[in-house]
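The values are calculated or read from the model by the stated rules, or taken from the named source; none is laboratory data. The structure displayed is predicted, hence computed values, not measured ones. A quick note on method: Cβ atoms are made from the backbone with ideal geometry, for glycine too, and the neighbour counts reach across all protein chains shown.
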Amino acid sequence: MQTLIQQLINSLSVASVTILIGIGITLIFGLAGIVNFAHGEFLMVGGMVTWFLVSAGVNFFVALFGAMIVVGALGFIVERGLFRFTLDRPMNGFIMSIGLSVILQHVVIRIFNEVQKTIPDPVGQVWVIGGVNIIAMRAIVVAITAIVVAVTYFGISRSRYGIALRASIADQDTAALMGIPVRKYVTGVFIYGSLLAGLGGALMIALFPITPFTGSVVIIRGFAVSLIGGLGNVGGAVVGGLLLGLVDGLSAGYGSPEWTDAYSLVLMIAVLIIRPQGLLGGTLGPRAS
Amino acid sequence: MEQAVSPTPVTRTPNRADGKDKPRRFDAPNRLEIITGIIVTLFLLGFPWLNPGYRILSLSITTAFTAVALYGLALQFGQAGIMSVGHSAVMGIGAYTAAILATKLGVGFWVALPLSALLSALVAGLIGLPSLRVSGQHYIIITFCFCALLVIALTNGGSFTGAATGLDVGSIDPIFGISFDRLKNAYYLVIVALLLCIFAYYLITNSSYGRTLRAIRENEPLARAVGIKTGFHKIGVLMVSGAFAGVAGILQAYYLHHIAPNLYGAFPSLYLALMVMLGGPRLLYGPLLGAIIVNFLPEIMHLDPIDSRIAYGISLLVVILLLPGGVSAGLLRIYRWVARSVNKSDRHDRA
C-alpha cells in the first residue's frame, strides 16, 4: 500500500510537467489552430536556459522566470516569423514546425553539447508523512502546476479575453467584425503556450536530467495528453495528464517499466480512433487542408 | 476488367454510343517527359563510369534506397494527400522482416524481397486504418505514435529482434554469378530498384488510378459523393506506399549489414518527411531530388552532422515559406519561364 501511494505521489509530479506541456499544446492546437511540433523543444530550451543560469550561480526561482521569458520570446519570434504565414495552410505549418524542432535541437547541441544536464535540487528537503517520502521540490512543482491550471482555466472560461478568444475560434470573421483582434489573440495564445513550455522545462530540470533530445519524448506525451483530453480543453489536458501519470506510475511500480511509453501511446491511439474529439470533447482542431 | 469491378465515375466520362471518347487508362507521355526520363536513366546507370570514388558511390546507394521509400511517401502524400511522419517504421518492418528471415530461417535476399514488401504493405494498411476515422494532423500524430511504438517493441523484443543492438544481416546471394559485395554491383541493384519505382510512380500518377487519388486529395467528400470508394483507395495507396518502403528497408538492411531500432525511430521518419517536402511531393523527380539534396549537401559543403541538420531544418522552412511545391516545382517554374521567354523572343524575331 505504501509503495502504491509512493508511486502515485511520484507520478503526480511527473504528470504535472506533462500537464503543463499538454495545456500549451491544447491551447495552441485547439485555439490558435497551429500544430507546433517544436513545442517539446521549447520545453527543452527552457530547461537548458534554467541549467545555464543556475550553473552561473543564479537562484533557481529567478532562473525559472528567465527560462519563461526566453522561451516566450522564442514563441513570439516563431509565431511572427513563421506560423503567421501558414495560418490558412495548417499542414504546411505542421511540417515547418518539424523543421523548427530539428533546428532548435541541434542549435542547443551546437551551443552546449549532447551530455545530459542536471541541477542540484533547489529546495533539498524531504518531508516524511505517514511513512511516505515527499520530496519538497516535487510538491512545489505540483503546486505551481495547480496554480497555472486554475489561472488558465478561469482565464479562458470566465475572463473577457477568454470569451473573445473562444468567439474568434467559433467564427473568425464575425469575431473580427465585433472588433476582436483575432490575429493578436493567436499570437497571444502562442506566447502563453510557449511561456508554459518554458516553465515546464524549468520545473522538469529541477526533477530530472534533461538532454537535447528530451523534447521529442516530451512532445509525444504532450500530444497524447491534449488529444486524449480534447483539443482546446484545459480540463481535458489535466485529466489526460493525470491519466498518463497514473498509467506511468502503475506500470513503473507493478507492470513492466520498459513498456511504459507504449501504454500511453496505445491509450492515445485508441482514444483518437474511438473518440477523435477527445474524452472531454473540445474543438476538433484546425481543419486539415 | 477492374473498371467493371470498381467504377470510378470521376475519372470516366460517360461512354458515347459510338464508343469514341473513352476515358484513357493512361496518359501518353509528352516529349519533355520522355527526354528527361532518358537523361535521368542514362545518368543514374552511367554514374559509376565517372569514377566517383568509394565514398560518393556508397552515399549514392544510401540516396537511392532512401529515394525508393520517398517515392512511396510521395505517392501517399503528393497524390492522395495522406502525410505520414512515421514512414521509416514501415521501412523498418521491411528491414526487420528480411533480417529475422535471414537469421532465424536462413532465407536469402531474393526470397525475402517479396515477403518484406508484402508484410510492409500489410502493416502500412494496418497503420492506415485510423485514417478512415481521423484525418489531417490527427492522423499524422498517429503515424508518429506508431513509429515510437515500433521502436519500443523492437527494443524490447529480446533475442528475436536483437533488442537495442539490433541484428546482423549477411550479404546478398549472387545471381547469374554477379556478386553484390562489390560496391558497383550493389549500386546497380539499388538503382534498378529505384528506376522501377520511379516508373511505377509515373504509371500510377498518369493513370486513371492516379486521377482517383488526386480526387480524394482535393475533396474527399466530393470524391465519395461521385462514387469513389475513398476508404478503399486510401488504404490501397497506403499499402502500395508501404510496399515501396519495404523494398527500401530490405535494401538498406542488406547494404548496411546491420540494423538497429534507432534506424527506424522518430528522427529517420522526420527526415523522410523533410526530404519529400524539400524535393517536392507532386512532381516525378521531386523525391529523388530531395534525397539527393539531403544526402549530398553535407558532403559538398563540408558540414559536420550537427551543422548539416541545422541546414536541413532551415532549408525546409525556406522551401515551405517560399516554394510550397518543393525544389522540383521551383525548377519546373524556372524551366517554363525560360521556355516561354525563348518562345516570345522567337515570335519577336519572326514579326
Members of the range B:197-233 found to be of a type outside the set (A, V, I, L, M, F, W, C) and touching a Leu at 6+ places or on another chain (Cβ under 7 Å), listed by number: B:Tyr201, B:Tyr202, B:Gly231, B:His233
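Quick check on A:Ser11: is it under 28 Å from A:Gly249 (Cα atoms), away from every other protein chain (no Cβ under 14 Å), of a type in the set (S, T, N, Q) and buried (at least 24 other Cβ atoms within 10 Å of the Cβ)?
Criteria not met by A:Ser11.
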Residue in the range B:148-155 that is under 21 Å from the mean Cα position of the chain (by Cα) and hydroxyl-bearing (Ser, Thr, Tyr) present: no
Failed item, numbered, when B:Arg217 is tested on (1) in contact (Cβ under 8 Å) with a residue 60 or more places away in the chain; (2) in contact with a Ser or Thr (Cβ under 8 Å, 6 or more places away or on another chain); (3) within 14 Å of another protein chain (Cβ to nearest Cβ): (2)
Pick from the range A:265-275, criterion touching a helix residue (DSSP H, G or I) at 6+ places or on another chain (Cβ under 7 Å) and more than 9 Å from every other protein chain (Cβ to nearest Cβ), ranking: farthest from A:Leu227 (Cα to Cα): A:Leu267
Meets criteria (touching a Lys or Arg at 6+ places or on another chain (Cβ under 8 Å), part of a helix (DSSP H, G or I) and either farther than 28 Å from A:Ala67 by Cβ or not polar (S, T, N, Q) (or both)) for A:Ile169: no
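Would you point out which residue out of A:Leu250, A:Leu246 is modelled with pLDDT of 75 or more, surrounded by fewer than 20 Cβ atoms within 10 Å (Cβ to Cβ), within 24 Å of A:Ala150 (Cβ to Cβ) and more than 14 Å from chain B (Cβ to nearest Cβ)?
A:Leu246
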Filter pass, B:Leu194 being surrounded by 21 or more Cβ atoms within 10 Å (Cβ to Cβ) and over 24 Å from B:Leu154 (Cβ atoms): yes
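Of everything in the range A:20-47 that's among the small types (Gly, Ala, Ser) and in a loop (DSSP other than H, G, I, E, B), which residue is surrounded by the fewest Cβ atoms within 10 Å (Cβ to Cβ)?
A:Gly33
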Filter result for the condition that a residue is surrounded by fewer than 23 Cβ atoms within 10 Å (Cβ to Cβ) and either in contact (Cβ under 8 Å) with a residue 24 or more places away in the chain or of a type in the set (A, V, I, L, M) (or both), over A:Thr145, A:Thr187: A:Thr187
Restricting the range A:75-113 to residues that are among the hydrophobic types (A, V, I, L, M, F, W, C), closer than 17 Å to B:Pro324 by Cβ and part of a helix (DSSP H, G or I), the residue that is farthest from the other protein chains (Cβ to nearest Cβ): A:Phe83
Residue ID - surrounded by the fewest Cβ atoms within 10 Å (Cβ to Cβ), chosen from residues in the range B:291-328 that are of a type in the set (Asp, Glu) and within 10 Å of another protein chain (Cβ to nearest Cβ): B:Asp304
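Given the structure, is B:Ala245 more than 14 Å from chain A (Cβ to nearest Cβ), under 23 Å from B:Leu167 (Cα atoms) and modelled with pLDDT of 85 or more?
It is true that B:Ala245 is more than 14 Å from chain A (Cβ to nearest Cβ), under 23 Å from B:Leu167 (Cα atoms) and modelled with pLDDT of 85 or more.
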Elements of type helices (runs of 4 or more DSSP H) contained in the range B:177-254, each with 1 or more residues being hydrophobic (A, V, I, L, M, F, W, C) and within 12 Å of the chain's Cα centre (by Cα): B:183-205
Complete set of residues in the range A:230-240 that are within 14 Å of chain B (Cβ to nearest Cβ) and either of a type in the set (Val, Ile, Thr) or assigned to a helix (DSSP H, G or I) (or both): A:Gly240
Looking only at the range B:261-285, and only at residues there that are more than 10 Å from chain A (Cβ to nearest Cβ) and of a type in the set (Phe, Trp, Tyr), the one that is nearest to B:Leu322 (Cα to Cα): B:Tyr285
Hits in the range B:40-88 (condition: over 20 Å from the mean Cα position of the chain (by Cα) and either assigned to a helix (DSSP H, G or I) or β-branched (Val, Ile, Thr) (or both)): B:Leu42, B:Gly46, B:Phe47, B:Pro48, B:Trp49, B:Leu50, B:Tyr54, B:Arg55, B:Ile56, B:Leu57
Yes/no for A:Leu250 being hydrophobic (A, V, I, L, M, F, W, C), in a helix (DSSP H, G or I) and farther than 19 Å from A:Ile21 by Cα: yes
Any hit, the range B:172-192, residues being more than 20 Å from B:Thr66 (Cα to Cα) and within 14 Å of chain A (Cβ to nearest Cβ): no
